[in-house]
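K.L.:
Have a look at the structure that comes next, please.
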Amino acid sequence: MSKDIRKRAAELRRALHRHNYLYYVLDEPEVSDAEYDRLMQELIAVETAHPELVVPDSPTQRVGAPPLEKFESVAHTIPMLSLENAFGEEEAIAFDKRVRRFLKTDSTLIYTAEPKMDGVAVELVYENGSLKEASTRGDGYTGELITPNIRTINTVPLTLISSATVAIPSRLAVRGEIFIPLEAFEQLNKERLDNGESPFANPRNAAAGSLRQLDSGITANRPLEIFCYGVGTVTDLEFTSHWEILQALKALGFRVNPHSKPRVKIEDILIYYRGLLDSRHEFPYEMDGIVIKVDDLALQKRLGEKARSPRWALAYKFPATQETTRMLGIDVQVGRTGALTPVAHLEPVSVGGVTVSRATLHNEDEIKKKDIRVGDTVLIQRAGDVIPEVVKVITTKRTGVEKPFEMPAACPACGSKVLRLEGEAVWRCVNANCPAQVKERIKHFASKGALDIDGLGDKLVGQLVDKGLLKSYADLFALDKATVASLERMGEKSAQNLMDAITRSKRISLARFIYALGIRHVGEHMAHVLAGAFKALRALMAATAEELWTVDEVGPEVSESVRAFFDNPENQRNIAGMLEAGVALETEEVKKELLAGRTFVLTGAMESMTRSEAKARIEAFGGKVSSSVSRNTTYVVAGKDPGSKLDKAERLGVRVLDEKALLECLKNPAAY
Ligand code: IVH
């Protein structure tokens, strides 16, 4: 083998590690996905031709390790302790007093605080810059080796970055929390329910279950991420403060939560806590509080630890998102695919500041498994914007009057037959024209990720369907203003707004349109995959099940479902009707170019959308969203309370857009 090939393999590995870091850790990619794929394919080709060039930390080695027989145990050289909890401001203040008393000092102490992630603690061991071992916390002293599973997580570096500020140590143990973001968690549970598997109770259980797989191929398909927050054994590096450790971890290529609060006194930590508590639902992941740490490592050492937790740190928790309440009854809702979902009707209770009176029970099997009866006292849980759910029954509260639940023998909305197919967990109403199904389908059709028709809410859809004005999607485009204006709670103005929104929705990307159709097993992501593969609706409609199946990521379930959908004459008529009414599909290529080459930086809070939504919308037009302002930034979008990024934009002369201007730009990117 020539030296050139060896050199090329090393070059490719280096480039791929770097692009992985830029994309996953910094969220600031420098190359397109296609370019990344090309480099990866080249490395795979080189390694296939010369297997002796494969090294364990090659970017190609994240997936594909053979399944383990069992997990080996490993001792943590420095124990992974737990934290003492505090639940109110007084307890946080008492912590500061306690620390000062222990240190016999009256002077102000400096703390660094971080979000407390609700996930699974792990330790990652690097030798000479390469990931060697990864383990769970276990009982704090001994954990389980889960190295192949951890390797699959893209935000975990396989090799470290050497920089002028931090040289790579010969041995470094890093600690962090593995978690699953909320949206991905919901998606994962939806897929599990569709496949007849039990859903995970919360993102933490989902993360734990995903890490506990003997086959890392399963873990690879789970949306796991990491934030690192500390170190275990370290050689060669000297630190004097916790904040320094976090900075060094960042420099070495680890993902560190950017919402930390460095080096302030306890009063400011309390303000930080309140700020995070108020905004916690805007975060894409779950936090269960903050961790306050004495910043000075010499002081940490003096403080030492108690039996199970250090004296220098405190977990100041957010109010619980679990509560107990009584279940008054079980309603059965009919979804857009006819699925009957039992929903708990609860005595209203405040959970983490929001009143909850309903919770999902998922399906019949879940109710049976948890033995949930009407009249039970139940533990309910709310996570982010996820629909609240019943976790378990508090059986000790049973009095004997509780009634077991039976699924209805007929559809509660239209009275038609209900059917539970073999291998499925759900009962379905067989009547495709069931008004409850039609309403849900239209709501889905008009929802944000689909046609995004503003103003077409639950009540209005209900009236339109009940009055027979809406039977199919195509009917939407035949509505006239006078009819809409004559409906309850509607007037001239709101009718006009709706008509405008419907007109606007006619120009839509192929992917959104496919998603809007509500084909079973075709979610937003799959719709993108199909749009990318077939480019035109006609081509997709004409594809055979086998052709569909050859597309990457498309399995037999999706291909059969897509085929069945387009084979249905009613669906064909409906689509023809929409195209006739002027629905114009834009292919991804055209759309992708509209904001190509433009980089956005978002700062401050927006009113009409979350940051991740804004990001998705910009990216849909081919724009890039970056987290730091530079001369290459095209626009800085400033929401409410913008940060220092706005100052920097002004300094560099970067154009600043307010929220309204951003919305205009997204509506009509070509004009901007
Ligand atoms: S520091 C000795 N920082 O909370 C101090 N822990 O209740 C060790 N956790 O097992 C922990 N986010 O899994 C620390 N920013 C953070 C954290 C964090 C989450 C978890 C960690 C730990 C548990 C202790």
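The values are calculated or read from the model by the stated rules, or taken from the named source; none is laboratory data. Note that the structure is predicted; figures quoted are calculated from it, not measured. Heads up, the Cβs are rebuilt from the backbone with ideal geometry, glycines too, and the neighbour counts pull from every protein chain shown. For accessibility, only protein heavy atoms count, side chains too; no ligands or nucleic acids. Shrake-Rupley method; radii C 1.70, N 1.55, O 1.52, S 1.80 Å.
K.L.:
Tell me the GluC sites (Glu not before Pro) within region 349-414 that lie in a loop according to DSSP and have at most 12 other beta-carbon atoms within 10 Å.
P.N.:
E406
K.L.:
Dipole size in debye (nearest 20) for the chain around its Cα centre, Lys and Arg Cβ +1, Asp and Glu Cβ -1?
P.N.:
The calculation lands at about 1000 debye.
K.L.:
Once you have the Kirkwood Rh of region 539-672 from its Cα pairs, apply Stokes-Einstein at 20 °C and 1.002 mPa s and quote D in µm²/s.
P.N.:
The diffusion coefficient I find is 121 µm²/s.
K.L.:
Separation between the T550 and T610 pseudo-spin-labels, each 7 Å from Cα along Cα→Cβ, expressed in nm?
P.N.:
Distance between the two pseudo-spin positions: 3.9 nm.
K.L.:
At most 16 other Cβ atoms within 10 Å and a DSSP loop assignment: could you name the chymotrypsin sites (Phe, Trp or Tyr not before Pro) in region 186-280 that fit?
P.N.:
Sparse-neighbourhood loop chymotrypsin sites (Phe, Trp or Tyr not before Pro): F239.
K.L.:
What FRET efficiency comes out for S494 versus V374 if R0 is 45 angstrom and r is the Cβ-Cβ distance? Round to the nearest 0.05.
P.N.:
Once rounded, the FRET efficiency stands at 0.70.
K.L.:
Can you find, among Y21, Y141, A436, the residue sitting farthest towards the positive end of the charge dipole of the chain, where Lys and Arg contribute +1 and Asp and Glu -1 at Cβ?
P.N.:
My answer, from the dipole projection, is Y141.
K.L.:
If you check each cysteine of the chain for another cysteine whose beta-carbon is under 4.7 Å away, which ones come up empty?
P.N.:
Unpaired cysteines in the chain: C228, C665.
K.L.:
Whenever you get a sec, compute what percent of the accessible area on the chain sits on carbon and sulfur atoms (1.4 Å probe).
P.N.:
With neighbouring chains kept in place, the figure for the chain is 51 percent.
K.L.:
Do you know the relative contact order of the chain, to the nearest whole percent, from alpha carbon pairs under 8 angstrom that are 6+ apart?
P.N.:
It comes to 9 percent, rounded to a whole number.
K.L.:
Could you give the Stokes-Einstein D for region 452-533 in µm² per second, using the C-alpha Kirkwood radius, 37 °C, 0.692 mPa s?
P.N.:
236
K.L.:
In vacuo Debye scattering of region 323-473, one point per C-alpha: log10 I(q)/I(0) at q = 0.13, 0.16, 0.20 Å⁻¹?
P.N.:
Each listed q corresponds, in turn, to -0.69, -0.98, -1.23.
K.L.:
Let me ask something else about it. Largest first and in whole Å, give the semi-axes of the chain's equivalent ellipsoid, each being the square root of 5 times a Cα gyration tensor eigenvalue.
P.N.:
Square roots of five times the eigenvalues give 44, 33, 28 Å.
K.L.:
Relative contact order of region 452-546: what whole-number percent is it, with Cα pairs under 8 angstrom and at least 6 residues apart?
P.N.:
22
K.L.:
Just to check I understand the Karplus step: with θ = phi - 60° and J = 6.51 cos²θ - 1.76 cosθ + 1.60, what whole-Hz values come out for region 490-502, glycine and proline as x?
P.N.:
Once rounded to whole Hz, the list reads 10, x, 3, 5, 5, 5, 4, 4, 5, 4, 4, 5, 5.
K.L.:
Just flag the trypsin sites (Lys or Arg not before Pro) in region 295-336 sitting in loop per DSSP whose Cβ has no more than 15 other Cβ atoms within 10 Å.
P.N.:
K306, R308
K.L.:
Using the C-alpha gyration tensor of region 1-102, what are the square roots of 5 times its eigenvalues, in whole angstrom, with the largest one first?
P.N.:
Values for region 1-102, descending: 45, 21, 13 Å.
K.L.:
Across region 237-254, in residue order, what do the Karplus-derived ³J(HN,Hα) couplings come to in whole Hz, using 6.51 cos²θ - 1.76 cosθ + 1.60 with θ = phi - 60° and x for Gly and Pro?
P.N.:
Working through the residues one at a time gives 9, 10, 10, 10, 9, 5, 4, 4, 4, 4, 5, 5, 4, 4, 4, 7, x, 7 Hz.
K.L.:
Which links in K116/K261; K471/K667; K70/K370; K443/K481; K370/K459 stretch past 22 Å when you go from one Cα to the other?
P.N.:
Result: K471/K667; K70/K370; K370/K459 exceed 22 Å.
K.L.:
Calculate, for the chain, the solvent-accessible area per residue in square angstrom, rolling a 1.4 angstrom probe over the heavy atoms of the protein chains.
P.N.:
Counting only protein heavy atoms, the per-residue value for the chain is 49 Å².
K.L.:
Which distance in nm do the two modelled labels at L214 and E69 give, with both placed 7 Å along the Cα-to-Cβ direction?
P.N.:
1.0
K.L.:
Give me the one-decimal Kirkwood hydrodynamic radius in Å for region 52-121, with the sum taken over alpha-carbon pairs.
P.N.:
One decimal place: 17.8 Å for the Kirkwood radius.
K.L.:
How high is the relative contact order of region 365-491, in percent, counting Cα pairs under 8 Å that sit 6 or more residues apart?
P.N.:
Normalised by residue count, the contact order of region 365-491 is 13 percent.
K.L.:
Averaging over all projection directions, find the projected area of the Cα convex hull of region 180-267 and quote it in nm² with one decimal place.
P.N.:
That works out to 8.7 nm².
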